[in-house]
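So the structure is just underneath, and the comments pick up after that.
The values are calculated or read from the model by the stated rules, or taken from the named source; none is laboratory data. Given the structure is predicted, the values throughout are model-derived calculations rather than measurements. We place every Cβ from the backbone using ideal geometry, glycine too, and count neighbours over all the protein chains shown. When the accessible area is computed, the model is the full protein with side chains, heavy atoms only, and any ligands, DNA or RNA have been set aside. Shrake-Rupley method; radii C 1.70, N 1.55, O 1.52, S 1.80 Å.
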Amino acid sequence: MKTLPQTPKFDLTGKRALVTGASSGIGLGCAVALAEAGAHVVCAARRGDVLEKLVSAMTDKGFSAEALELDIADQLALSAAMKAQETFDVVLNAAGMARHAPALDATPEDFDAVMNVNVRAAYFLSVEAAQGMIAAGKGGSIIHISSQMGHVGGIERSVYCTSKHAVEGMVKAMAVEWGKAGIRINTICPTFVRTALTQPTFDNPERFAWIMEKIKLPRVAEVEDIMGAALFLASDASGMVTGTAMMVDGGWTAD
């Protein structure tokens, strides 16, 4: 009888995962997705009170989770926190910042604030995660929530696009360097996802019309649309995927 191939597992039982920006929106969804698949999830964000409620809700559902109050833009705090934790098998970075304005109106303060969170913090979080994985002699998966705006331009999004294009290049370079250590690093690039943060954009008729013109599917994205992508990239099912971007953009970048 012919031996059939076996589907790689999406199961994360026994894995340790860190999710930054976990207190709301996409980060919250990703934390739940990884925990539901069996991982112990360390939920990190700046808002400790919100994190505690989140972790309580997750443990009430039978998930394994803990809270870590952390501003990943504080490099000293980030380094100390990562060294105090056991090595992570999965690090998913959903922390981010946006300050939207016409390019001519963007200030140096806006630029520095966005780049500090979206690029600098993402860079050194990746480094800390990879150092831990290499020291432990095992591989792992590093995932950054990027954006479709890391591949195209957008209205009043010059600074944000700059940061996300930088993340895409960063991930490719790190994938080249860390692949031999069994470390995979990728991005998820969502379109506009319905969250409290994006609701003002959806409430603007002109902006909403622009969004629906660009998305090829007949709706905007929901947080749940990102959760499956996160689980795929965190699990053995994506064992040969590194240095790439998973587009969850409803076809925005298809043309």
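Identify, from the list ALA221, ALA254, ALA234, the residue that is among the hydrophobic types (A, V, I, L, M, F, W, C), open to solvent by less than 90 Å² (accessible area, probe 1.4 Å) and within 30 Å of ALA181 (Cα to Cα). Working first, answer last.
Values: ALA221 fails: within 30 Å of ALA181 (Cα to Cα); ALA254 fails: within 30 Å of ALA181 (Cα to Cα).
The conditions single out ALA234.
State all residues of the stretch 161-183 that are over 29 Å from LYS15 (Cα atoms) and either over 15 Å from the mean Cα position of the chain (by Cα) or without any contact (Cβ under 8 Å) to a residue 40 or more places away in the chain (or both); if no residue qualifies, say none.
Residues satisfying the conditions are CYS161, THR162, HIS165.
How many of the residues in the stretch 20-32 are open to solvent by 10 Å² or more (accessible area, probe 1.4 Å) and not in a loop (DSSP other than H, G, I, E, B)?
In the first step, residues of the stretch 20-32 are kept if they are open to solvent by 10 Å² or more (accessible area, probe 1.4 Å); the result is 21, 23-26, 28, 32.
Adding the requirement that they be not in a loop (DSSP other than H, G, I, E, B) leaves 25-26, 28, 32.
Result for the stretch 20-32: 4.
Anything in the stretch 215-255 that is over 14 Å from the mean Cα position of the chain (by Cα), in a helix (DSSP H, G or I) and not hydroxyl-bearing (Ser, Thr, Tyr)? List them, or say none.
The answer is ASP236, ALA237, TRP252, ALA254.
Would you be able to say whether some residue in the stretch 60-80 is at positive phi and touching a residue at least 40 places away in the same chain (Cβ under 8 Å)? Write out each step before concluding.
Restricting attention to the stretch 60-80, the residues satisfying the condition of being at positive phi are 62.
The next check asks that each one be touching a residue at least 40 places away in the same chain (Cβ under 8 Å); those that pass are none.
Looking through the stretch 60-80, none of the residues is at positive phi and touching a residue at least 40 places away in the same chain (Cβ under 8 Å).
Which of (1) within 26 Å of VAL32 (Cβ to Cβ); (2) open to solvent by 40 Å² or more (accessible area, probe 1.4 Å); (3) of a type in the set (Phe, Trp, Tyr) does PHE208 not meet, given it meets every other one?
Exception for PHE208: condition (1).
Please work out if PHE88 is under 18 Å from the mean Cα position of the chain (by Cα) and among the aromatic types (Phe, Trp, Tyr). I'd like the intermediate steps shown before the answer.
Values: under 18 Å from the mean Cα position of the chain (by Cα): yes; among the aromatic types (Phe, Trp, Tyr): yes.
Yes: the conditions hold for PHE88.
Considering each of ALA67, ALA80 in turn, give the residue that is closer than 20 Å to ARG120 by Cα and not aromatic (Phe, Trp, Tyr).
Values: ALA67 fails: closer than 20 Å to ARG120 by Cα.
The conditions single out ALA80.
Out of all the residues in the stretch 159-197, which are surrounded by 20 or more Cβ atoms within 10 Å (Cβ to Cβ), touching a Phe, Trp or Tyr at 6+ places or on another chain (Cβ under 7 Å) and over 15 Å from ILE134 (Cβ atoms)?
VAL159, THR191 - these are the residues of the stretch 159-197 that are surrounded by 20 or more Cβ atoms within 10 Å (Cβ to Cβ), touching a Phe, Trp or Tyr at 6+ places or on another chain (Cβ under 7 Å) and over 15 Å from ILE134 (Cβ atoms).
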